[in-house]
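The values are calculated or read from the model by the stated rules, or taken from the named source; none is laboratory data. Predicted model, so just to flag it, every value in this text is computed and none were measured. A quick note on method: Cβ atoms are made from the backbone with ideal geometry, for glycine too, and the neighbour counts reach across all protein chains shown.
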Amino acid sequence: MGKIGFTTTVPVEVILAAGLIPADLNNIFITGADPGDVVDRAETLGFPRTTCGWIKGIYLSAKEAGITDVVAVTQGDCSNTHALMELWQADGMNIMPFAYPYDRDRDLLRLQMRKLMDALGTSEEKTDKVFRELAPLRTKLKRVDEMTWKDGNVTGAENHLWLVSASDFDGDRDDFEARLDAFLKEAEKRETAPTGRPGAGLPAVRLGYIGVPPIFTDIYETAARSGAHVVYNEVQRQFSMPHDTDNLYEQYARYTYPYDVFGRIRDIKEEIKLRRIDGIIHYCQSFCFRAIEDLIVRRELKLPVLTIEGDRPGPVDARTRIRLEGFVEMLRDMK
Ligand code: SF4
């Protein structure tokens with residue numbers, strides 16, 4: 001084992017403590033040379049058209065990256081994971097299941113994390129040491145987030161990229177931190193983020209983005225061109241583990257994404273208030289079970305919500321762009 005792939009955010013401290021390289025398969029897929037082609041080729045292999053693009057993408061991306069060992073999150077992420085791990089197993093790969101307990105049961109979570117430590121050949125002491133070493137890096141990621149919503153000198157796209165990459169630190173935490181330091185230094189010198197339509201002189205509408213990270217490649221740019229500033233990326237922020245705790249297990253118990261939607265909604269409501277958000281984009285992936293949760297999101301959030309759906313990697317389609325522009329226009333009129 002050298003590189004350990006994983007299907008969604010897992011306790012990365014365990015992988016690092018084992019001296020292994022973390023590889024978020026979603027990041028490998030979407031930052032590859034041609035993710036659209038990967039999806040096409042997965043369909044040629046036999047994946048149904050009506051399967052989520054991320055699943056098709058990570059299946060083939062893992063194999064083509066030569067990854068042989070994968071931590072697959074069997075509870076708390078995706079309804080497709082069981083079939084995906086079976087497919088990888090049939091291909092001869094080594095699969096290690098990991099389950100986030102639905103009810104955040106601390107004992108079960110600790111047991112799962114300890115089983116992962118055993119599977120990867122590390123200990124609780126070593127993992128805890130890495131947890132403490134990562135604290136300054138996680139504080140810097142919090143600063144990126146704060147500069148997005150408070151200071152206005154980090155764009156929604158930059159916020160997305162830094163926070164979503166915190167699941168595996170792009171495979172090299174030292175290099176990641178050095179690049180992050182340089183970014184913060186440069187961004188601190190900026191006056192404001194390019195949030196509005198150039199020359200339009202309109203106040204930026206403040207948007208929140210909730211749901212899984214987008215398969216669209218330019219959604220933040222599209223929002224910015226419409227005069228909106230995305231000041232909150234819900235799940236990406238959760239990937240960066242912004243929770244104030246000095247306990248490794250508690251960090252993963254407070255992580256909202258893998259548990260019930262109500263914990264996520266509590267977090268979203270707090271951030272809407274703190275960040276003075278005007279409207280929410282709820283991103284749903286085509287064929288994803290999480291789209292059902294849109295019903296609860298709309299019932300619970302007392303501000304305008306635009307639900308958009310993405311299928312394959314690529315730019316925002318014309319219909320979604322027009323809906324997004326209209327939504328921003330409406331929010332601007334409401335201000
Ligand atoms: S978007 Fe939904 S269906 Fe697709 S991988 Fe994520 S959780 Fe699974």
### Task
Go through (1) more than 22 Å from Pro315 (Cβ to Cβ); (2) of a type outside the set (Ser, Thr, Tyr); (3) surrounded by 15 or more Cβ atoms within 10 Å (Cβ to Cβ) and name the single condition Gly57 misses.
(1)
### Task
Look at region 39-65 and say how many of its residues are more than 18 Å from Thr81 (Cα to Cα) and touching a residue at least 40 places away in the same chain (Cβ under 8 Å).
1
### Message
Restricting to region 276-326, and then to whatever is over 19 Å from the mean Cα position of the chain (by Cα) and part of a loop (DSSP other than H, G, I, E, B), can you tell me which residue is nearest to Asn26 (Cα to Cα)?
### Response
Asp317
### Query
Any residue at all in region 104-118 that is under 21 Å from the mean Cα position of the chain (by Cα) and within 15 Å of the ligand (Cβ to nearest atom)?
no
### Query
Only one of these conditions is not met by Asp294: (1) within 27 Å of Lys56 (Cβ to Cβ); (2) surrounded by 20 or more Cβ atoms within 10 Å (Cβ to Cβ); (3) charged (D, E, K, R). Which number is it?
(2)
### Query
Which numbered condition trips up Arg225, out of (1) at pLDDT 95 or above; (2) touching a Lys or Arg at 6+ places or on another chain (Cβ under 8 Å)?
(1)
### Query
Which residue pairs have Cβ atoms closer than 6 Å, lie 6 or more positions apart in sequence or on different chains, and pair a first residue in region 98-114 that is surrounded by fewer than 15 Cβ atoms within 10 Å (Cβ to Cβ) with a second residue that is among the aliphatic types (A, V, I, L, M)?
Arg106/Ala253
### Message
Pull out all pairs, ordered by first then second residue, where Cβ-Cβ is under 9 Å, the residues are six or more apart or on different chains, the first lies in region 11-25 and is on the phi > 0 side of the Ramachandran plot, and the second is assigned to a loop (DSSP other than H, G, I, E, B) and not aliphatic (A, V, I, L, M).
### Response
Gly19/Gly121; Gly19/Thr122
### Summary
Heads up, the helices (runs of 4 or more DSSP H) in region 1-68 (entirely inside) with at least 3 residues that are modelled with pLDDT of 95 or more and within 16 Å of the ligand (Cβ to nearest atom) are 25-30, 35-45, 53-64
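Using the structure shown, decide if Ala72 is more than 14 Å from the ligand (Cβ to nearest atom) and closer than 30 Å to Gly121 by Cβ.
No.
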### Query
Restricting attention to region 211-230, does a residue exist that is assigned to a strand (DSSP E or B) and in contact with an Asp or Glu (Cβ under 8 Å, 6 or more places away or on another chain)?
yes
### Task
Go through region 26-38 residue by residue and tally those that are free of Cβ contacts under 8 Å to residues at least 12 places away in the same chain and among the polar types (S, T, N, Q).
1
### Query
So Ala119 fits all but one of (1) buried (at least 20 other Cβ atoms within 10 Å of the Cβ); (2) closer than 18 Å to Lys3 by Cβ; what number is the exception?
(1)
### Task
Check off (1) surrounded by fewer than 14 Cβ atoms within 10 Å (Cβ to Cβ); (2) within 16 Å of the ligand (Cβ to nearest atom); (3) part of a loop (DSSP other than H, G, I, E, B) for Glu86 and give me the number that stays unchecked.
(3)
